[in-house]
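Novice: One structure follows; several queries about it will come next.
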Amino acid sequence: MTPFWRTRDSILRDLMADTTEILKQTPLHALHLELGGKMVPFAGYAMAVQYPAGVLKEHLHTREKAGLFDVSHMGQAFLSGADPARALESVTPADIQGIADGMQRYGLLLNDQGGIKDDFMTTRLAGEAALYLVVNAAMKDADFAYIGARLKDQATLAPAPTRALLALQGPLAADVLERYSPGISQLSFMQAKRAKVADAPAIVSRTGYTGEDGFEISIDGKDAERIARALLAEAEVLPIGLGARDSLRLEAGLCLYGHDMDESVDPVEANLTWSLGKRRKEARDFPGAERICLHLLNGAGKKRVGLRPEGRAPAREGTAITDKAGKVVGHVTSGGFGPSLNAPLAMGYVEREFAANGTKLDLLVRGKALGAEVVPMPFVPNRYKRAKK
Amino acid sequence: MSEVRFTDQHEWVRLEGDEATIGITRHAAEQLGDVVFVELPQAGRKVGAGGEAAVVESVKAASEVYAPVGGEVTASNSALETEPAKVNEDPEGAGWFFKLKLSDKAEFAKLMDEAAYREFVKGL
């Protein structure tokens, strides 16, 4: 059989491109090895793709109890200046100025054609002038250079490479974190604040990439191992690798940059129009506004959709999507097997007339047409702890 | 009397008379992780040595299984279609993939014996 390291998996394929470079390590590297993590190159870092429990158990455990993820490879930075929110809006269509104190918001970083350069989180911490940003690991150098250059007369971007980032995700995450940070469970989904976690200063947000309730905890690298060990010592918590992180986010219908979106697509095609601020759409004052507003008005030629294949065979990234007459109408951008769904699932781009929920299509898996249906996302209902209105 | 041989693609072959039973090794199953789907060849299909014969998919990855020896498929382990996890539980036993009627015993003789395969895996 094809050895594991030469298979068609999307994460692993990315990894292979990196094998000759010297890999960076997160502050938890020694702990990953001690826990039996299977280390692979990802975005220039040695990261654990799984631990001895395996992807399936790690995935299900996160949905049932709580999982701890090391996401210290992601890019953290602070943006300061006279009006950093206004400055940041020159590269994103998100309503950054409208982020209230103590809130976090999702945004897309766009090029001048409206193509997606990355997705990122912006946090306005209460009482602080600087904005706290988190961008994708694989894109961080490019993003920081782009933001720095585009905003150079208005704002200063200070990357924070010595900070670590942990994600504690799952229905019991709040119970666990409350033991180390009393009061933290009062945060609602997308709220954030500075808090002490096990006596260490942290930025804690109630967000994540799994569709579950949970937190992201930004701390100084020197505190990371002590805090990770404390959380892992709790009975509810298992360490979770990148493999389960990918299957969890796919079930949650969340995009993976470089797969489900890149510079060739705009926010309308990527089905992320909800991330465009209302005021921004009216003002049309963001990169690529002409194309994007035209797409908002008339619809785009293609759209990202969710797909449920019939049977149990997964349709992986790159699989051709055809109509029932056999004409290619799109491609899968992420696909696999959903452990919680107990079935295969995929997302991909299809021509607009095939994008409606319920549309029957075929997926060409190893030369055979496999039936599939366009379905709404998320595939597994999310369980965020939203603020009560 | 049966004899087991291994390939550098991490398949095992157990030969009884001229019937070969084929599966993936414990090492391969561990590397793949949790198997969620297996596609098996139909009885009657002829495969050449090194030809694609089956597919195994884990949560992480899809992977082809090649026929280590050529012949005509006589049976496949349909239990794997409903219980693919058997591949992880007992890869070199109940998790077998398919059987074939061997066309050339010399192909079998060329494969690694167990000691050589264990040595090969150690060197990876």
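Every number in this text was worked out from the coordinates using simple rules, so none of it is lab data. Keep in mind that this is a model prediction, so the values were computed, not measured. Positions of Cβ are backbone-derived with ideal geometry, glycine not excepted, and every protein chain shown enters the neighbour counts.
Novice: Which residue, A:33, A:297, A:242, has the most motion in a Gaussian network model of chain A that connects Cα atoms within less than 10 Å?
Specialist: Largest GNM mean-square fluctuation: A:297.
Novice: Mind scanning A:117/A:303; A:24/A:140; A:281/A:302; A:281/A:303; B:46/B:105; A:57/A:193 and naming the pairs with a C-alpha gap bigger than 22 Å?
Specialist: Numbers: A:117/A:303 18 Å; A:24/A:140 14 Å; A:281/A:302 20 Å; A:281/A:303 19 Å; B:46/B:105 16 Å; A:57/A:193 32 Å.
Too far apart for the 22 Å limit: A:57/A:193.
Novice: Fewest to most neighbouring Cβ within 10 Å: what's the order for B:24, A:227? Mind dumping the intermediate values first?
Specialist: Details: B:24 27, A:227 24.
Starting with the residue having the fewest Cβ neighbours, the order is A:227, B:24.
Novice: Follow-up question, since we're still on this one. Kindly identify the range B:3-118 as rounded, prolate or oblate by the Cα gyration tensor criterion: order the square roots of the eigenvalues as a ≥ b ≥ c, call it rounded if a/c is under 1.5, otherwise compare a/b with b/c, prolate if a/b is larger, else oblate.
Specialist: Details: a/c = 1.80, a/b = 1.29, b/c = 1.39.
In terms of gyration-tensor shape, oblate.
Novice: Also, quick follow-up: On each of the three principal axes of the Cα atoms of the protein assembly as shown, give max minus min coordinate, whole Å, ordered largest first.
Specialist: Over the protein assembly as shown, Cα extents along the principal axes are 82, 54, 42 Å.
Novice: A further question follows. If you take the alpha carbon radius of gyration of the range A:62-125 and divide it by 2.2 N^0.38 Å, what ratio comes out, to two decimals?
Specialist: On the way: Rg = 14.4 Å, N = 64, 2.2 N^0.38 = 10.7 Å.
Normalised Cα radius of gyration, the range A:62-125: 1.35.
Novice: Within 13 Å, Cβ to Cβ, of residue B:105, how many net charges do the neighbouring residues add up to if Lys/Arg are +1 and Asp/Glu are -1? Walk me through the intermediate numbers first.
Specialist: Details: positive: B:5, B:101, B:110; negative: B:3, B:16, B:18, B:19, B:104, B:107.
Surrounding charge for residue B:105 is -3.
Novice: Which of A:118, B:90 comes first, and how do the rest follow, when ranked by fewest Cβ neighbours within 10 Å?
Specialist: B:90, A:118
Novice: A follow-up question, please. At 20 Å minimum axial length over the Cα atoms and a Kyte-Doolittle cut of 1.0, report the qualifying DSSP H helices in chain A, or say none.
Specialist: none
Novice: Which ³J(HN,Hα) values, rounded to whole Hz and listed in residue order, are derived for the range A:130-138 from phi using the Karplus coefficients 6.51, -1.76 and 1.60 in 6.51 cos²θ - 1.76 cosθ + 1.60 with θ = phi - 60°, glycine and proline given as x?
Specialist: Once θ is set to phi - 60°, the couplings for the range A:130-138 become 6, 8, 9, 10, 10, 10, 5, 4, 5 Hz.
Novice: Shifting gears a bit: To the nearest whole percent, what portion of all C-alpha pairs in the range A:82-227 is separated by more than 22 angstrom? Please report the intermediate quantities before stating the final value.
Specialist: Numbers: 4310 of 10585 pairs.
Across the range A:82-227, Cα pairs with separations above 22 Å total 41 percent.
Novice: Which far-off residues, 5 or more places away or on another chain, put their amide H under 5 Å from the one on residue A:81, with H placed in the peptide plane?
Specialist: For residue A:81, whose amide H was placed from the backbone, the distant partners under 5 Å are A:156.
Novice: What's the exposure ranking of B:8, A:199, going from fewest to most Cβ atoms within 10 Å? Write out the running numbers ahead of the final one.
Specialist: Details: B:8 14, A:199 11.
Final ranking by Cβ density, sparse to dense: A:199, B:8.
Novice: Using the C-alpha atoms of the range A:273-375, what convex hull volume per residue, in cubic angstrom, is computed? Before the final figure, lay out each step's value.
Specialist: Details: hull volume 11.9 nm³, N = 103.
Cα-based convex hull of the range A:273-375, divided per residue, equals 115 Å³.
Novice: Still on this structure, please answer the following. Between the alpha-carbon centers of the range B:105-122 and the range A:179-215, tell me the distance in whole angstrom.
Specialist: Here the answer is 54 Å between Cα centres.
Novice: Can you classify the range A:219-308 as rounded, prolate or oblate using the Cα gyration tensor, where a ≥ b ≥ c are the square roots of its eigenvalues, rounded means a/c under 1.5, and otherwise it's prolate if a/b beats b/c and oblate if not?
Specialist: Values: a/c = 3.48, a/b = 2.11, b/c = 1.65.
Prolate shape, in that a/c is at least 1.5 and a/b is the bigger ratio.
Novice: Using θ = phi - 60° and the Karplus relation 6.51 cos²θ - 1.76 cosθ + 1.60, list the HN-Hα couplings for the range A:184-200 in order, rounded to whole Hz, with x at every Gly or Pro.
Specialist: 5, 6, 6, 4, 9, 3, 6, 8, 8, 7, 7, 8, 8, 10, 6, 6, 9
Novice: Per residue, what volume in Å³ does the Cα convex hull of the range A:75-159 take up?
Specialist: Output value, Cα hull per residue: 76 Å³.
Novice: What does the charge count near residue B:84 come to, summing +1 for each Lys or Arg and -1 for each Asp or Glu among other residues with Cβ under 11 Å from its Cβ? Please list the in-between numbers first.
Specialist: Values: positive: A:312, B:86; negative: B:34, B:39, B:57, B:81, B:83, B:89.
Overall, the nearby charge balance is -4.
Novice: When ranked by the protection proxy of mean other Cβ atoms within 10 Å per residue, highest first, what sequence do the peptides A:373-384, A:38-49 form?
Specialist: Those peptides, ordered most packed to least, come out A:38-49, A:373-384.
Novice: Using only the C-alpha atoms of the range A:33-77, find the volume of their convex hull and express it per residue in Å³.
Specialist: On the way: hull volume 4.2 nm³, N = 45.
Once divided by residue count, the hull of the range A:33-77 is 92 Å³.
Novice: A further question follows. Other chains' Cβ within 10 Å of B:32-41 residues: what's the mean? Can you show the working numbers first?
Specialist: Numbers: counts 5, 8, 10, 2, 12, 6, 2, 5, 0, 0.
Mean partner shielding for this stretch: 5.
Novice: Between beta-carbons, use under 13 Å as the cut-off and find the net charge around residue A:284, counting Lys and Arg +1, Asp and Glu -1.
Specialist: Values: positive: A:278, A:279, A:280, A:281, A:291; negative: A:89, A:282, A:285, A:290.
Local charge sum for residue A:284: +1.
Novice: Go ahead and estimate [θ] at 222 nm for the protein assembly as shown from helices alone: -39,500 (n - 2.57) per DSSP H run with n ≥ 4, summed, over the residue count, rounded to 500. Please report the intermediate quantities before stating the final value.
Specialist: Working: 15 runs with 114 residues, N = 513.
That calculation yields -6000 deg cm²/dmol at 222 nm.
Novice: Amide H to amide H under 5 Å from residue A:370: which residues, 5+ apart in sequence or cross-chain, H placed 1.01 Å off N in plane?
Specialist: For residue A:370, whose amide H was placed from the backbone, the distant partners under 5 Å are A:363, A:364, A:365.
Novice: Which shape class applies to the range A:259-303: rounded if a/c is under 1.5, otherwise prolate when a/b exceeds b/c and oblate if not, where a ≥ b ≥ c are the square roots of the Cα gyration tensor eigenvalues? Intermediate results must be reported in sequence, preceding the final value.
Specialist: Working: a/c = 1.76, a/b = 1.53, b/c = 1.15.
In terms of gyration-tensor shape, prolate.
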